[in-house]
Every structure is written in C-alpha cells, then in structure tokens.
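Asker: Dropping a structure here in structure tokens format, bear with me for questions.
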Amino acid sequence: MKLENAIISGVLAALIVLPILEALLRKTLHVGISGSAALVEHLTLIVGMVGGAIAARENRLLALSTLGELLKGRAGKLAGVFGGSCAAAVSALLVAAGVEFVRAERLSGEALAYGIPVWVVQAIIPAGFGLIALRLLWHSAGSWSGRAAAALLAGAWIVLWSWSPMGALIALGLATVAGVPAFVTLAGVGLVLFRHAGEPIASIPIAHYSLVTNPALPTIPMFTLAGYLLAEGGAPQRLIQVFDALFGRLRGGAAIVTATVCAFFTSFTGGSGVTIIALGGLLMPVLLARRYKGRDALGLVTGAGSLGLLFPPCLPLILYAIVAKVPIESMFLGGILPGVVLLAATACWGILSQGPGESDTEPAFDWTVARRALWQAKWELLMPVVALGALFGGFATPVEAAALTALYALCIETLVYRDLKLTSDVPRVMTECGLLIGGVLLIQGVALGFTNYLVDAEVTAHAAEWATNTIHSRWLFLLALNLFLLVVGCLMEIYAAIIIQAPLLVTIGTAFGLDPVHLGIIFLANLELGYLTPPVGLNLLLSAFRFKKSVPEVLRAVTPLTLVLAAGVLLITYVPALTTTLPRWLGR
Amino acid sequence: QPQRIKLATLLPRGSSAHQALLEMGEKWRQAPGAGVTLTIYTDGTMGGEAETVRRMRVDQLQGGVLSVAGLMEIDRAVTGLQTMPMVFRSLDEVEYVREKLRPMLDKRLEEKGFVALFWGDAGWVRIFSKKPVTRPGDLKTQKVFVLASDSGQVDLMKRAGFQAVPLEYTDTLTGLQTGLIDAVPTTPFYALAGQFYLRAPYMLEINYVPLVGGLVMTRKTWDALPPVTRDAFRQAAEEAGKKISAQSHREMEEAVAAMKKRGLQVSQMTPPAETEWRTLFEGLYPQIRGNLVPADMFDEVHRLLREYRK
Ligand code: NA
Ligand code: NA
C-alpha cells in the first residue's frame, strides 16, 4: 500500500524533473538526457497502471452507474458479487491478453534505454490488471464466502463467455447497471468482439500501450497535478476572493464569480468533478447570500462545474489532439473563444435568475479590497501565464510546459503560500492525482482497444462512406452531429467518448471539409453538456453527492442552465470563426 | 491456408501508392490456388509503424508497408539504408546498395519471422528552414526538428552541434509557428502536404538521407501459402514496389515545383559547401557504426559504395 503510494509520488516527481532538465540542458549546453523521451513515456505507463491499481484498492474506479450502491440488503450483496465476478473475469482476460502481448514483444528484444529491455516495463500492464482483478474480488463482498463465490463465478464466466458471445454481452450489460467500473464494460465488449471475430485479444493491450506511451500524453498527469496542488492548497478561497472583489458587486455578480472560478479550476483539473467537490461548498454560501434561490444556486454550481473544459490546458483538449492527430497548441487556441461563449451564457443566465432586491444595500466596488485580493492570489493567477507562456513563447514542448506548470504549482503552494507540506501533503496529493489519472487511463486504454476493433472490422471506413453518401450538405451534417453527440453525451463518459468517437468523426468531418480543430471543439462542447444530462451525467451525480440532494432534484435545478448552454453550443457549431480565428491568427 | 490478409500503412488513402497496392491486391486475389482477399488499412488507422509491427507480431495484421523507421523495429540491420547522413550520393547508389544487400536483409527479417516482398524508396529528405541554409554553420544557429521517438537521431544531431528539439510529427507546424523549431529535415512531399514550407520557406537541395521502405508479411502467413501462390504474390508485389518508387520520385519533383510557385526558395548545393557538410557528417560515422547502425551492416554499405563508385 505504502509502496504503491511511494512509487507513484516518485514517478510523478521524475515526470516533472526529466522534461525540465532536458529543456534546460538543450537551451544552455546544447546537450540533453539520452533516451529522455522514451523514459518519460514509460514513466507515464507506470503512473497509469499503478494509479489504476490504487484506484482499485480504494474501490474508486469510475463507474457508469451508481445503482449498486442504492441497493440494500440481500439485493445489494447479490449485485456486488455478480458485478465483482464479471469485473474480475474481464480483468483476468486482460491479464491473459497482456501476457500474450508481452510475450510477442519479448521476442523483439528491443531495449528501452540503458540496456533495460522494453518488455520488462510492458509487463506492468498484465501485472497491474492482475492486481486490479484481485482487488475487484476483494471489494465484491464483505465476507470471505462472498469473495470465494465471486471468484468461482468469475472462472465460470470466462468459460461461458468464450462459448456464447451474446450471453457475455448481456452479462456485461447487467454488470454495468449494477455499477462495475467503466473500464470493465469497455474492455469486456472489446474482448468479446475481438474473440468473436477470431482476432487476437492482445490487440487491446497493444492499443492501451500505444496510447499511454504516446509522447504527448505526459502532459495530462502534469497539468492535472498542477490543478490538484491548487485545489488542495488554499487557492479556492483566494480565487473566490479575487473574483468576488472584481465582479461580486455587479448584477448577477455571484453567478459570474461562480462561473469564472469554476472555469479557472476545471481548465487545470480536467473536468474530473474535482471542481464541484473542491469549490461547491465554498460557492454555495456566496450565491445564497446574494439572493439566489436554493434551487437556482444548486443549478449554477452544478452547471458551472464543467465550464472551462474548453480552456487550455484542459485534459480533454489534449486527449482529442492526441487522438485526432492535431497540434495540442491549435486545440488550446481554438477552445478559448468558444469557452468564453459558454462562460458568458452562464453569466447571462445568472444575471436573469438573481432574485429581486435592493442592489444599493451592498457596498460599492472597493478598489482596496480588490487590490489586496489580487495581490494575495497573484501567484496562482499567474499559473495560466506560466503554462501558456512556456508553450507559445517557443522555448518548451507541450510536455516540458506541463512539467514546468506542475513545478510552479508545487513551489507556490509549498514555499510561497505554505498551504501544503512537502513531506506529508505533497505525497498525499500526488497519490490522489495518480489515482485519478490511473482510473482515466484505464478507461482510455481499453476504449482505444475497442476503437481498434471498429477500425479492424472496417466499421469506421464504412460509416464514413455511408455518411458522405447519405448526407449531402455540411450544415445537415453538423445538425446530425449535434443530435448524435447529444445522445453520446447522455450515455457516455467523456474520456471514453473522445477515444471511441473522435477518430471516426475526424474521418467523416474531413470528408465534409470541416476543420479538425473546429470539429474537436464542437465535440467537446457537446460532451460538456453531457455532464448535465441523465442518465450518465457526472456533474449531476457529484452535485447530488456533495449537497446531499437526489439526482432528479439536481436535474430539475440545472435544466434551465443546460438549455442556455445548449444555445451556446449551437452558436459554437454554426459559427466556425469562433474556433478558427485564434489558431489562424497565430499562424500568421 | 489464409483467406484474408490484412495490411497496414501510413500512406494516405487515395494516393498513387495506395492505388498501386490495391492493384496488387487484385492480382493476389486472382493468383492461382489462393483466393485471398487483401484488406488495406491506410493513414495510420492501425497506429504508427511501431504499433503496426506489434500488431503483426500477435497476428492481428499479416502485412505492412513500412519505412525504415518501422522496419528497424523488426531488425536494426535495415538502418544501413537510411540512417547515415550523406552516405549516398544518388538514388542510383541507393538502389544499387539496396539490391546488393537484399539477400542479407531478407535473411535477417526472416529470422525474426517476417518476409520482405518489395523494397523501394521515396526520394531524398531535404532540409527546410526559416533562414537560408547553405553551410552547416547556417543550420547550427537554427533549432532543428528531430523525431522524439528516435532517441539515436536526437543524440546524433546534438553531438553534431545542432540545437536538436525532440518533437512529435503532429507538433511540427505549430513548432515552426511558435519558434520552438526553425528547421525540419523532411521530404518535399511531406513539406507540401504538411504545409511546412509556408513557415520554413528555404530548402537546401542536400541529399541528406533517402526515405527507404518496403512491404513485409509475417512468415506464418507466407509459409501457409502454396508455392505457386507465393510466386504470383511476389511478382505482383515487385511490380507494385517499382511503381510506387517511380511515382514517388516524380511526386518529389512535382512537390518542389508546386512549392516554388508559392514562394519556396531552393538553394543548390555548391561543391565547397558539400565538402563541409560531408566532413561534418563523416565525423559522426564512428558514432553511428555499432550504435545506430550494426557494425557489419555499416561496413557492408561502405564496401558496396566503394565497389559502385569504381
Ligand atoms: Na478547460
Ligand atoms: Na450525460
């Protein structure tokens, strides 16, 4: 337990140090660290698998359904054993697939760096899934007899599923409803389809490995770590003070504060729900004090929790750039104006929904207060400048810029503000960040395996052909895209949606002459709405959890804002200039 | 006996090379004793070249049209054809050495479980830069793109005294825009397709390295085919390879002409400049031998070149 936490902290620290060292040595001595890129990529693989194992240990792997937790008594126990057995069976099959992959790689005898064979590091994939399988069994029941039953059942599934693919899919569907981790559903479907087609299941770990060792991927843990360090330090209070001093006295000011602070945070934490958990409790009293009805305040906090998804350096932007093979920087620039549109839409709704009252009872704008708040939070407000300055100033690659941002966040929270202790708090925050990244990368890795099945079976190519033959106008295509993504957003988790849908959409969109960056922003803006739509809406679940309300109650509260945001998404879709202007302007 | 052969490549769908591969597939389908259908996955939809090789190892794919960067994942011997800067003076030399080395290369690949069905090249990698480059000193003041995954090249460029910036292919254009890099060694075809020439409008007509590649199939699949089928397959593949090489040489010329019309400045290589470049790169050869290129392959390439130049 301690060992895993120590490994993940050590590896994250190395991920900060190596790229920065490489950039410095290149700048000053025109040398570098030999094999640095390959090392950093494989460190990300270690973060992913160890983080996934930690998430399994803590029983915090992201699930698509929460029904399992609602079931009480006997039904709950049965759901636990059934879901646990399916999840363990899928993980065990992933171990087998991983072993097949590593065995084939071992024959190649390739070395990573300094004489370490690559297969040794690759072996962490089956090892990690093995650990995850054991932990899924552990959490399937509270008693040893329950766990034994789940293990036996898991063995039975492996035999039965190879015999009946349809039965396997039905079992996976039921297990998903019972609340198994999202990666289980995606990997299970991928395994069944590959096996049914007579193709090797090792195709899945190959895709997983390629994604996790993608040279651009280390940006994700680094930017996320920066966001976590802020969230765990005193940044939430300081930032709310700043935006409250600046906008709080305006009509709808509290809504503007909520929207801007949430956007700032989400852009670093990646829309993972950290925003609602970290900020919700602080923002709610601000809104209630400014004459917002409880329901409207709840709606605002829930809706604002996903704002900022389009602002750099947000994780979904990076992920889309990797999958769609467009430059990260173009996605960063392309998202800014559309992000502002959604931010403005939220602020407008906030102004309209504020309750009646005397605005002159509030103190007038106080420049001294504002200046003090700004001065207090200056280091944190500078963080986007550090991240984007390094990137667009031409002295750092995306990975180096991300490492620099993480180092900056670490320094200001431990040395300047002293909200976090280097020896106790920082390893805890790093473990927490690793847990999140691990959970996300598990989903993404196996989702890419599933996508590879779609490519293999030529579904992607045929769908593109079908779309271009059936739909003849670009505008009609965009409308169909909006409707399609609305459904995707209702049903799918954002990271899996990016991996599975993006390659297909880019293929089709390019055939219609759409800019891939614009396509990406449309895609992500739609998925941002998906956070607020049932049945799979992360913000609805988190808000319900945080404020102890029922999901339907949260849904009712947020729906007016969802509609306003939908209008913004339509604007982003049909006015491409909002997206394409900034990247073009940089291109001059 | 296989019914379906799946082949992956980075080549774009609808390109002349893709067309040539489709024609080859048609001949394979009609080959005696086979009835094999060929499925081609273009545009890197099956992943990059290293990933394609991995997928071949587990028998998800049976074939791949790969450059040396991918083939070296199977056996490093192939690096002798592409990795040494300025070792070849003409494409005829490239072809001569390649044909002479073929038995040896084919044997090495076979030992690793792969069969090469054709070899070819797509012309020269040139240097595209923001400021004009004629001599090595001109390039040393500019930041040069090197593919991050190729750590051997990264080290080599640094050792040669260049400011090498390891980067991904997708980040090249933006890197040129932000000033992270100033120069990109690439083929004219990719400079045009990737629009690098708009930001790096100077091209040095240096015969830096040739872009060499070929078609490989897994031995498992190959051995399962009847001998008559194999002969027909090999013949159709040879024809496709010749066609692809010839077409890509023509496309290289066309790409340069098209870019010139839109403002590309081409610097010819002068004899004194060529000597300077040659001295620089030849100074690196001891470093390359035994590290980037296996020593026996390195020596053999040089022996064949001496033989050709006589
Ligand atoms: Na964002
Ligand atoms: Na949803």
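The values are calculated or read from the model by the stated rules, or taken from the named source; none is laboratory data. Computed from a prediction, not measured in an experiment: that's the story for all the values here. Positions of Cβ are generated from backbone atoms using ideal geometry, with glycine treated the same way; all protein chains shown enter the neighbour counts.
Asker: Take the conditions at negative phi, buried (at least 21 other Cβ atoms within 10 Å of the Cβ) and not hydrophobic (A, V, I, L, M, F, W, C) and apply them to A:Y531. Does it pass?
Answerer: For A:Y531, the condition - at negative phi, buried (at least 21 other Cβ atoms within 10 Å of the Cβ) and not hydrophobic (A, V, I, L, M, F, W, C) - is met.
Asker: How many residues, within the range A:209-230, are closer than 12 Å to A:L12 by Cβ and within 14 Å of another protein chain (Cβ to nearest Cβ)?
Answerer: Matching residues across the range A:209-230 total 1.
Asker: Kindly provide the set of residues from the range B:93-109 that are within 14 Å of chain A (Cβ to nearest Cβ) and under 16 Å from B:G64 (Cβ atoms), ordered by number.
Answerer: B:L109
Listed here are the residues, each with its yes/no results for (1) within 23 Å of B:M56 (Cβ to Cβ); (2) in contact with a helix residue (DSSP H, G or I) (Cβ under 7 Å, 6 or more places away or on another chain); (3) not hydroxyl-bearing (S, T, Y).
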residue: A:M166; (1), (2), (3): no, no, yes
residue: A:I170; (1), (2), (3): no, no, yes
residue: A:T176; (1), (2), (3): no, yes, no
residue: A:V180; (1), (2), (3): no, yes, yes
residue: A:F183; (1), (2), (3): no, yes, yes
residue: A:V189; (1), (2), (3): no, yes, yes
residue: A:G198; (1), (2), (3): yes, no, yes
residue: A:S203; (1), (2), (3): yes, yes, no
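Asker: Related question: Would you check if there is a residue in the range B:100-119 being assigned to a helix (DSSP H, G or I) and of a type in the set (G, A, S)?
Answerer: No - not one qualifying residue is present in the range B:100-119.
Asker: Then there's this: Going residue by residue through the range B:43-58, is there one that turns out to be surrounded by 22 or more Cβ atoms within 10 Å (Cβ to Cβ) and assigned to a loop (DSSP other than H, G, I, E, B)?
Answerer: Scanning the range B:43-58, I find at least one residue that is surrounded by 22 or more Cβ atoms within 10 Å (Cβ to Cβ) and assigned to a loop (DSSP other than H, G, I, E, B), so the answer is yes.
Asker: Another question, if that's okay. Considering only residues that are near ligand 1 (Cβ under 9 Å from one of its atoms) and out of contact with any Pro (no Cβ under 6 Å at 6 or more places or on another chain), which ones fall in the range A:310-343?
Answerer: A:F311, A:P312, A:P313, A:C314, A:L315, A:P316, A:L317, A:G335, A:G339
Asker: Considering each of A:A480, A:A511 in turn, give the residue that is within 14 Å of another protein chain (Cβ to nearest Cβ) and more than 9 Å from ligand 2 (Cβ to nearest atom).
Answerer: Criteria check complete, one pass: A:A511.
Asker: Return yes when A:L505 is within 16 Å of ligand 2 (Cβ to nearest atom) and either buried (at least 22 other Cβ atoms within 10 Å of the Cβ) or of a type outside the set (D, E, K, R) (or both) and no when it is not.
Answerer: Taking the combined requirement at face value, the residue does not satisfy it.
Asker: Being surrounded by fewer than 22 Cβ atoms within 10 Å (Cβ to Cβ) and of a type in the set (A, V, I, L, M) is the filter here, so list the residues in the range B:193-205 that pass it.
Answerer: Hits for the range B:193-205 are B:A193, B:L198.
Asker: Given the conditions (1) more than 14 Å from chain B (Cβ to nearest Cβ); (2) part of a loop (DSSP other than H, G, I, E, B); (3) more than 16 Å from ligand 2 (Cβ to nearest atom); (4) modelled with pLDDT of 85 or more, which single one is not true for A:L309?
Answerer: Every condition holds for A:L309 apart from (3).
Asker: If we keep just the residues of the range A:252-272 that are of a type in the set (S, T, N, Q) and in a helix (DSSP H, G or I), which is farthest from ligand 1 (Cβ to nearest atom)?
Answerer: Among those that are of a type in the set (S, T, N, Q) and in a helix (DSSP H, G or I), it is A:T258.
Asker: Which residue is nearest to the other protein chains (Cβ to nearest Cβ), if the candidates are limited to the range B:41-83 and must be among the aliphatic types (A, V, I, L, M) and under 13 Å from B:M217 (Cα atoms)?
Answerer: The qualifying residue nearest to the other protein chains (Cβ to nearest Cβ) is B:V58.
Asker: Something else about it: So which residues in the range A:323-344 are free of Cβ contacts under 8 Å to residues at least 12 places away in the same chain, facing chain B (nearest Cβ under 10 Å) and in a helix (DSSP H, G or I), if there are any at all?
Answerer: Within the range A:323-344, none qualify.
Asker: How many residues, within the range A:418-437, are of a type outside the set (S, T, Y) and not in a helix (DSSP H, G or I)?
Answerer: Summing the residues that are of a type outside the set (S, T, Y) and not in a helix (DSSP H, G or I) in the range A:418-437 gives 5.
Asker: Another question about this same structure. Suppose we filter the range A:1-57 for residues that are farther than 18 Å from A:I220 by Cβ, surrounded by fewer than 21 Cβ atoms within 10 Å (Cβ to Cβ) and either away from every other protein chain (no Cβ under 14 Å) or touching a Lys or Arg at 6+ places or on another chain (Cβ under 7 Å) (or both); how many remain?
Answerer: Total satisfying the criteria: 11.
Asker: Determine, yes or no, whether A:L541 is away from every other protein chain (no Cβ under 14 Å), away from ligand 1 (no atom under 16 Å from the Cβ) and within 20 Å of A:L342 (Cα to Cα).
Answerer: So A:L541 fails the test.
Asker: Checking the structure you have, find out if any residue of the range B:23-37 is within 13 Å of chain A (Cβ to nearest Cβ), over 17 Å from the mean Cα position of the chain (by Cα), farther than 23 Å from A:E100 by Cα and charged (D, E, K, R).
Answerer: No: the range B:23-37 contains no residue that is within 13 Å of chain A (Cβ to nearest Cβ), over 17 Å from the mean Cα position of the chain (by Cα), farther than 23 Å from A:E100 by Cα and charged (D, E, K, R).
Asker: Look at A:L319 and say whether it is of a type outside the set (G, A, S), part of a loop (DSSP other than H, G, I, E, B) and either under 19 Å from the mean Cα position of the chain (by Cα) or within 16 Å of ligand 2 (Cβ to nearest atom) (or both).
Answerer: no
Asker: Would you call A:R249 more than 16 Å from ligand 1 (Cβ to nearest atom), of a type outside the set (A, V, I, L, M) and not in a helix (DSSP H, G or I)?
Answerer: yes
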